[in-house]
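A short write-up of the structure that comes next.
The values are calculated or read from the model by the stated rules, or taken from the named source; none is laboratory data. Everything numeric in this text was worked out from a predicted model, so none of it was measured. Neighbour counts run over all protein chains shown; Cβ positions are idealised from the backbone, glycine included.
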Amino acid sequence: MQTIKYSIAIRSDKPGTKKADITSTKAYPVFQQTGKMSFDDIAKHLAQHGSKHSRGDIQGIITDAVDCIVEHLTQGISVQMGDLGTFYPSLKVVGSESASTVSADNIKSVAVKYRAGKVFAEIRQNAEFECVPSREAQALAVAEARAQETMTAEDEEDDGSLG
């Protein structure tokens, strides 16, 4: 079982409220990211998991898959990638006063949406959770530790331990 780390954040109980307008808050668990993998790193990792394909082969396959997914999305076709999930297109738009004035200019961007596959959807059930200090609390603890004076020889002799 994998462990997902989270910290606690105090936020407005009404999402989207500007900081100056916050009148009430709630405490929320917040995911703590512990690292980041590049495309090269993930290809290397996959190649090391008993794959008969090299890192370069895997990068090529993924790159070709992305090209195919984009091709289908632009044709209005959602792409289901097994346990990975489904990718589908969505438009970011602005409205017009009437249907007769709607044009491609109303389309501001095309977004790619993602719906998790079954394996990803079950992460919650298959994980343990550990509450850790927030990055802010960690930074404060480090700053406090650095601000303390160095231990003297006398401190080391009587460190308060029982051993």
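Of all residues in the stretch 74-89, none satisfies being more than 22 Å from the chain's Cα centre (by Cα), exposed (fewer than 11 other Cβ atoms within 10 Å of the Cβ), closer than 30 Å to TYR28 by Cα and at pLDDT below 95.
Give the stretch 26-41 a look and list any residue that's farther than 11 Å from SER134 by Cα and not charged (D, E, K, R), or say none. Within the stretch 26-41, ALA27, TYR28, THR34, GLY35, MET37, SER38, PHE39 meet the criteria.
Among the criteria (1) at pLDDT 90 or above; (2) over 30 Å from GLN32 (Cβ atoms); (3) surrounded by fewer than 10 Cβ atoms within 10 Å (Cβ to Cβ), the one LEU162 does not fulfil is (1). The set of residues in the stretch 127-153 being part of a loop (DSSP other than H, G, I, E, B) and surrounded by 10 or more Cβ atoms within 10 Å (Cβ to Cβ) consists of VAL132, PRO133, SER134. The test for being in contact with a Phe, Trp or Tyr (Cβ under 9 Å, 6 or more places away or on another chain), in contact (Cβ under 8 Å) with a residue 12 or more places away in the chain and either within 23 Å of ASP41 (Cα to Cα) or among the aromatic types (Phe, Trp, Tyr) (or both) holds for LEU84. For LYS36, work out the one condition from (1) under 22 Å from the mean Cα position of the chain (by Cα); (2) surrounded by 10 or more Cβ atoms within 10 Å (Cβ to Cβ); (3) at pLDDT 90 or above it doesn't fulfil. Only one criterion is unmet by LYS36, namely (2).
Selection of first residues in the stretch 23-36 that are assigned to a loop (DSSP other than H, G, I, E, B) and of second residues that are modelled with pLDDT of 90 or more and among the hydrophobic types (A, V, I, L, M, F, W, C), restricted to Cβ pairs under 8 Å at least 6 apart or on distinct chains, gives the following pairs, ordered by first then second residue: GLN32/VAL132. Any residue at all in the stretch 7-26 that is under 20 Å from GLY117 (Cβ atoms), out of contact with any Lys or Arg (no Cβ under 7 Å at 6 or more places or on another chain), loosely packed, with under 13 Cβ neighbours inside 10 Å and not β-branched (Val, Ile, Thr)? Among the residues of the stretch 7-26, not one is under 20 Å from GLY117 (Cβ atoms), out of contact with any Lys or Arg (no Cβ under 7 Å at 6 or more places or on another chain), loosely packed, with under 13 Cβ neighbours inside 10 Å and not β-branched (Val, Ile, Thr), which makes the answer no. With the structure loaded, tell me whether VAL93 is on the phi < 0 side of the Ramachandran plot, surrounded by 11 or more Cβ atoms within 10 Å (Cβ to Cβ), of a type in the set (Val, Ile, Thr) and in contact (Cβ under 8 Å) with a residue 12 or more places away in the chain or whether it fails that test. Judged against the criteria, VAL93 is a match.
Taking the stretch 77-122 as the range and being in a loop (DSSP other than H, G, I, E, B) and closer than 30 Å to THR3 by Cβ as the test, the residues that pass are MET81, GLY117, GLU122.
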